[in-house]
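S.K.: Here you go, one structure.
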Amino acid sequence: MPNPCDAPGLMPIEDARKIIQSIVASSQSLLINEPSQRCELNEALDRVLCEDIISPINVPAYDNSAMDGYALRFSDLANIKVLTQTGKSFAGNPFKKALEQGECVRIMTGAQIPSGADTVVMQENTRAEGDKITFIESVKQGSAIRPCGDDIAKDSVVLKKGRRITPIDIGLLASLGINDVPVYRRLKVAVFSTGDELLKPGEAARDDRIFDSNRPMLVAMLKRRGVHVIDMGIIADSKTLIKAAFESADAHADCVVTSGGVSVGEADYTREILEEYGSVDFWKLAIKPGKPLAFGRLNKSIFFGLPGNPVSSAVTFDQIAAPALDMMAGCGDASDTSLVAQAAGAFRKRPGRTDYQRAFYYVDDNGKLKVKQAGSQSSGVLSCFSDSNCYAVLENERGDVKADEQVTIMPFQAGIT
């Protein structure tokens with residue numbers, strides 16, 4: 001018996017991404033069309049830069065020592081191996097005189113190179129007797145010196161427009177004396193779940209109900225992307241209530257993300273309302289897990305109707321919705337993080353859909369990148385992510401994978417686990 005989930009007519013994921021990209025590019029919710037904002041550095045984490053950041057200074061600001069040792073004139077070592085120490089140079093307290101012939105200066109890591117010096121010899125390669133320093137190892141001219149601007153040159157581009165600011169970026173900007181940055185405003189995303197069967201975490205358990213895991217998960221995934229989240233809670237299976245939720249979300253958000261209600265059940269109203277209130281560009285994808293996925297436009301926003309099964313919801317958000325939200329937020333093109341690994345065992349797969357199996361990759365004793373299936377691949381078993389660190393991406397037309405075959409993997413990014 002054929003599997004109905006692999007029926008013909010499902011949209012390939014590549015085609016879906018092209019449609020989304022085209023619609024987002026023409027959307028009024030695209031933040032690159034709006035005025036920029038200034039954001040203080042201590043509030044800049046996960047914000048998206050709307051301009052290149054240009055360094056106002058050189059880093060380092062002066063030639064400095066890469067290690068503890070002695071600063072000297074390299075030409076002096078051509079004839080003699082013993083120099084006279086005439087002073088010391090510390091970070092923040094440099095030696096201010098110029099070196100004369102036959103002189104050297106004790107210098108610490110990060111300290112400014114004295115005028116006239118062009119080489120630093122590490123202290124382990126010297127012997128000190130009072131102010132007489134013997135150099136017992138040969139050294140190359142210019143060694144152990146970090147030149148002015150070697151790390152960052154003044155007027156160079158430090159961070160590019162479209163970059164989402166990381167903790168390291170904040171440290172970098174602080175090291176340049178920058179205290180505020182130009183950013184796009186935060187993307188606003190409204191989120192709600194639908195279903196009479198859902199309970200909020202913290203409510204008393206019931207035999208005829210399940211706890212809503214999708215909405216808290218999606219809210220957390222959105223916050224990892226620097227999004228301003230409008231959490232609208234659980235909406236009962238009422239066409240009137242769901243329509244009212246969409247109208248409110250459309251009025252306040254750039255994007256609406258729902259979970260559940262996009263299948264073919266009698267009480268699945270989401271798709272029906274979307275077709276009345278907005279437009280649905282597609283709602284069935286050739287992807288596993290996550291076939292029932294709706295995408296389209298409301299009056300002022302775009303929407304993603306994600307499947308109700310928790311794994312399907314997580315995977316489709318990660319692979320379909322998240323890249324679109326990044327584009328709306330003004331992020332530059334994401335780099336391809338996929339790798340090719342060798343299957344450590346068999347992977348079961350039916351042709352017809354691109355399968356994002358939860359998997360674990362590692363390097364074996366021979367230095368080969370391997371990947372193995374991790375836990376249950378059921379779309380209802382969210383715990384499988386705990387034992388995984390990547391997707392094994394099995395192409396649409398591919399069938400079962402045998403051990404030692406090549407498999408494309410996508411290591412999990414910070415937004416998913």
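The values are calculated or read from the model by the stated rules, or taken from the named source; none is laboratory data. The structure presented is a predicted model; accordingly, all values stated were derived computationally and were not measured. Backbone-built Cβ (ideal geometry, glycine too); neighbour counts: all protein chains shown.
S.K.: On the given criteria, is I165 over 23 Å from the mean Cα position of the chain (by Cα) and either in the same structural domain as Y70 (by TED's automatic domain parsing) or at pLDDT 95 or above (or both)? If you could, list the steps in order and put the result at the bottom.
M.R.: Numbers: over 23 Å from the mean Cα position of the chain (by Cα): no; either in the same structural domain as Y70 (by TED's automatic domain parsing) or at pLDDT 95 or above (or both): yes.
Here the answer is no, as I165 does not meet what is asked.
S.K.: May I ask you to list the residues in the range 74-99 that are within 21 Å of S138 (Cα to Cα) and of a type outside the set (A, V, I, L, M, F, W, C)? Even if it seems obvious, please write down each step before you answer.
M.R.: Pass one, the range 74-99, residues within 21 Å of S138 (Cα to Cα): 74-85, 99.
Selection gives S75, D76, N79, K81, T84, Q85.
S.K.: Residues that are within 30 Å of H252 (Cα to Cα): find the strands (runs of 3 or more DSSP E) completely inside the range 1-105 holding 3 or more of those.
M.R.: Working: elements: 37-40, 69-72, 82-89.
Because the criterion is at least 3 residues that are within 30 Å of H252 (Cα to Cα), the strands (runs of 3 or more DSSP E) in the range 1-105 that meet it are 37-40.
S.K.: Keeping to the range 325-356, report how many residues are surrounded by 20 or more Cβ atoms within 10 Å (Cβ to Cβ), in contact with a helix residue (DSSP H, G or I) (Cβ under 9 Å, 6 or more places away or on another chain) and either free of Cβ contacts under 8 Å to residues at least 40 places away in the same chain or under 30 Å from Q37 (Cα atoms) (or both).
M.R.: 6
S.K.: Looking only at the range 333-376, count how many residues are among the hydrophobic types (A, V, I, L, M, F, W, C), in contact with a strand residue (DSSP E or B) (Cβ under 9 Å, 6 or more places away or on another chain) and closer than 30 Å to V24 by Cα. It would help to see each step written out before you state the result.
M.R.: Residues of the range 333-376 among the hydrophobic types (A, V, I, L, M, F, W, C): 334, 339-341, 343-344, 346-347, 359-360, 363, 369, 371, 374.
Next, from what is left, pick out any that are in contact with a strand residue (DSSP E or B) (Cβ under 9 Å, 6 or more places away or on another chain): 339-341, 343-344, 346-347, 359-360, 363, 369, 371, 374.
After this cut, where a residue has to be closer than 30 Å to V24 by Cα as well, the list is 339.
Number satisfying all stated conditions: 1.
S.K.: With the condition being closer than 30 Å to D52 by Cβ and not aliphatic (A, V, I, L, M), I'd like the strands (runs of 3 or more DSSP E) fully within the range 291-371 carrying at least 3 qualifying residues. First the steps, then the outcome.
M.R.: Working: elements: 292-297, 302-306, 339-343, 354-363.
In the range 291-371, there are no strands (runs of 3 or more DSSP E) which contain 3 or more residues that are closer than 30 Å to D52 by Cβ and not aliphatic (A, V, I, L, M).
S.K.: Based on what the data block shows, is A321 of a type in the set (G, A, S), within 27 Å of the chain's Cα centre (by Cα) and either at pLDDT below 85 or under 16 Å from I13 (Cβ atoms) (or both)?
M.R.: So A321 passes the test.
S.K.: Right, something else. Quick check on G226: is it modelled with pLDDT of 90 or more and either within 30 Å of P56 (Cα to Cα) or not assigned by TED's automatic domain parsing to the domain that holds I320 (or both)?
M.R.: On the way: modelled with pLDDT of 90 or more: yes; either within 30 Å of P56 (Cα to Cα) or not assigned by TED's automatic domain parsing to the domain that holds I320 (or both): yes.
Taking the combined requirement at face value, the residue satisfies it.
S.K.: Those residues that are more than 25 Å from the chain's Cα centre (by Cα) and in a loop (DSSP other than H, G, I, E, B), I need them from the range 382-415; list them, please. Break it down stepwise before answering.
M.R.: Just the residues of the range 382-415 that are more than 25 Å from the chain's Cα centre (by Cα), to begin with: 396-406.
Within the range 382-415, N396, E397, R398, G399, D400, K402, A403, D404, E405 qualify.
S.K.: Taking into account only those residues within the range 38-62 that are crowded, with 19+ Cβ neighbours inside 10 Å and not polar (S, T, N, Q), which is farthest from C331 (Cα to Cα)?
M.R.: Our first condition is that a residue be crowded, with 19+ Cβ neighbours inside 10 Å; within the range 38-62, this holds for 39, 44, 47-50, 53, 55.
From what is left, the residues that are not polar (S, T, N, Q) are 39, 44, 47-50, 53.
Values: C39: 17, A44: 14, R47: 10, V48: 6, L49: 8, C50: 9, I53: 15 Å.
The extreme case among them is C39.
S.K.: Looking at D208, D196, D237, D231, which one is more than 30 Å from D15 (Cβ to Cβ), surrounded by fewer than 22 Cβ atoms within 10 Å (Cβ to Cβ) and under 27 Å from the mean Cα position of the chain (by Cα)? If you could, list the steps in order and put the result at the bottom.
M.R.: Details: D208 fails: under 27 Å from the mean Cα position of the chain (by Cα); D196 fails: under 27 Å from the mean Cα position of the chain (by Cα); D237 fails: under 27 Å from the mean Cα position of the chain (by Cα).
Checking each option against the conditions leaves just D231.
S.K.: Out of all the residues in the range 234-277, which are modelled with pLDDT of 80 or more and among the aromatic types (F, W, Y)?
M.R.: F246, Y277
S.K.: Look at the range 106-118 and say how many of its residues are among the aliphatic types (A, V, I, L, M) and not in a loop (DSSP other than H, G, I, E, B). Even if it seems obvious, please write down each step before you answer.
M.R.: Start the filter on the range 106-118 by keeping residues that are among the aliphatic types (A, V, I, L, M), which leaves 107-108, 111, 113, 117.
Those still in the list that are not in a loop (DSSP other than H, G, I, E, B) too: 107.
The qualifying residues number 1.
S.K.: Suppose we keep only residues that are assigned to a strand (DSSP E or B) and of a type in the set (G, A, S) within the range 188-224. Which one would you say is farthest from D46 (Cα to Cα)? Spell out how you get there, then give the answer.
M.R.: Of all residues in the range 188-224, those assigned to a strand (DSSP E or B) come to 188-194, 198-199, 210-211.
Now restrict to residues that are of a type in the set (G, A, S): 190, 193.
Details: A190: 18, S193: 26 Å.
Among them, the one singled out is S193.
S.K.: Check off (1) buried (at least 18 other Cβ atoms within 10 Å of the Cβ); (2) in contact with a helix residue (DSSP H, G or I) (Cβ under 8 Å, 6 or more places away or on another chain); (3) within 25 Å of D169 (Cβ to Cβ) for Y70 and give me the number that stays unchecked.
M.R.: Answer for Y70: the failing condition is (3).
S.K.: Okay, next question. Answer with yes or no whether K161 is within 23 Å of R225 (Cβ to Cβ), touching a residue at least 60 places away in the same chain (Cβ under 8 Å) and basic (K, R). Lay out the reasoning, then the answer.
M.R.: On the way: within 23 Å of R225 (Cβ to Cβ): yes; touching a residue at least 60 places away in the same chain (Cβ under 8 Å): yes; basic (K, R): yes.
Here the answer is yes, as K161 does meet what is asked.
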